[in-house]
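These notes are about the structure you will find just below.
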Amino acid sequence: MISLFEVEHIAEEFWSRYGNVPEYPFDMHKLISFALPLHVVMLPDLTLGKIREWCQQRHLEYPFPLHDRPLHGYLIAGKSGFLFIDENDHPSEQRFTAAHEGAHYLFDFDMPRLRAVDEFGEAIVSVLDGERPPTLTEKVHSAISGVPIRVIQHLMERPTSGVPNTAIIDAEDRADRLALELLAPTAKILKDIASQILQQKYSKRFSLLQEHLITEYGLPTTVAATYCKILLSCLGRSIFSDWLED
């Protein structure tokens with residue numbers, strides 16, 4: 001599990017690309033398109049099939065899963081990156097989707113790519129972009145250093161049935177955590193509201209914190225509820241019910 005220190009550091013790097021943190025709540029998809037090399041595409045009733053069709057109409061070839069399913073968002077990372085968002089979702093849901101997929105871009109595409117360039121130099125970019133195969137020397141170097149030099153694609157596909165594998169669950173949790181930090185920074189929230197909730201019973205401090213996340217930072221209700229548990233843990237306060245706390 002990623003630490004709060006790591007999440008805060010990556011969030012700071014993101015904001016350094018953008019220039020400054022805007023007033024909360026903000027339109028995350030607009031910031032993403034400015035700070036990262038991603039084109040944001042809004043499509044109503046988003047599905048894999050609609051994304052596939054959109055790409056085919058523009059003669060963009062990407063590997064897609066065979067089965068269709070509804071989506072809140074989807075990321076295609078490469079030389080031409082696209083972030084798809086369901087146009088019919090509530091603005092708060094769109095906000096979190098954009099942050100979540102932007103976090104996937106940073107974790108699963110940008111950071112491994114930067115690491116490879118640091119290790120091998122700019123010449124490795126043509127390998128990462130699929131323009132040439134790696135040389136034998138580069139393959140050996142990759143094996144020894146543990147730095148992958150394969151073409152990096154982000155298609156976090158879930159199974160049609162059953163539970164996703166551990167790698168997918170970890171990647172999704174990690175992206176969620178960074179998304180929350182981008183949209184509602186832990187340190188700022190605790191500074192703003194900690195004194196108001198510390199002396200309250202569990203149910204009261206939970207409801208106060210959840211409402212604060214929804215109204216001040218524009219988080220979806222279910223996402224805010226999950227984040228409340230993380231924030232209360234950071235405060236060292238119980239996340240159990242009133243009678244258990246008593």
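The values are calculated or read from the model by the stated rules, or taken from the named source; none is laboratory data. On a predicted model such as this, the values are computed, not experimentally measured, just so you know. Neighbour counts are summed over all protein chains in view; Cβ atoms, including those assigned to glycine, are modelled from backbone coordinates with ideal geometry.
A few points about this structure:
- Residue within the range 89-98 that is modelled with pLDDT of 90 or more and touching an Asp or Glu at 6+ places or on another chain (Cβ under 6 Å) present: no
- Search result, residues across the range 35-69 that are farther than 14 Å from PHE84 by Cα and not in a loop (DSSP other than H, G, I, E, B): ALA35, GLN56, GLN57
- Subset of the range 64-91 that is over 15 Å from the mean Cα position of the chain (by Cα) and among the small types (Gly, Ala, Ser) - its residue that is surrounded by the fewest Cβ atoms within 10 Å (Cβ to Cβ): SER80
- Residue within the range 60-70 that is modelled with pLDDT of 90 or more and within 22 Å of GLY49 (Cα to Cα) present: yes
- Residues of the range 41-49 include none that is closer than 20 Å to ALA103 by Cα and within 16 Å of the chain's Cα centre (by Cα).
- Exactly one residue out of ALA171, ALA184, ALA179 is surrounded by 14 or more Cβ atoms within 10 Å (Cβ to Cβ), under 30 Å from ALA123 (Cα atoms) and at pLDDT 80 or above, and it is ALA171.
- In the range 92-133, the residue that is surrounded by the fewest Cβ atoms within 10 Å (Cβ to Cβ) out of those that are aromatic (Phe, Trp, Tyr) and free of Cβ contacts under 8 Å to residues at least 60 places away in the same chain is PHE120.
- Which listed residue, of HIS90, HIS67, HIS72, HIS59, is of a type outside the set (A, V, I, L, M) and touching a Phe, Trp or Tyr at 6+ places or on another chain (Cβ under 9 Å): HIS72
- Residue satisfying all of: in the range 70-105; in a loop (DSSP other than H, G, I, E, B) and hydrophobic (A, V, I, L, M, F, W, C); farthest from VAL7 (Cα to Cα) among these: LEU71
Listed here are the residues, each with its yes/no results for (1) within 16 Å of the chain's Cα centre (by Cα); (2) exposed (fewer than 13 other Cβ atoms within 10 Å of the Cβ); (3) at pLDDT 95 or above.
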{"residue": "MET1", "(1), (2), (3)": "yes, yes, no"}
{"residue": "LEU4", "(1), (2), (3)": "yes, no, no"}
{"residue": "TRP15", "(1), (2), (3)": "yes, no, no"}
{"residue": "HIS29", "(1), (2), (3)": "yes, no, no"}
{"residue": "ARG58", "(1), (2), (3)": "no, yes, no"}
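- Out of PRO65, PRO44, one residue alone is farther than 30 Å from ILE230 by Cα and touching a residue at least 60 places away in the same chain (Cβ under 8 Å). It is PRO65.
- Pairs where the first residue, in the range 225-237, is under 16 Å from LEU178 (Cα atoms) and of a type in the set (S, T, N, Q) and the second is modelled with pLDDT of 90 or more and part of a helix (DSSP H, G or I), C-beta under 9 Å, 6+ apart: THR226/ASP176; THR226/LEU180
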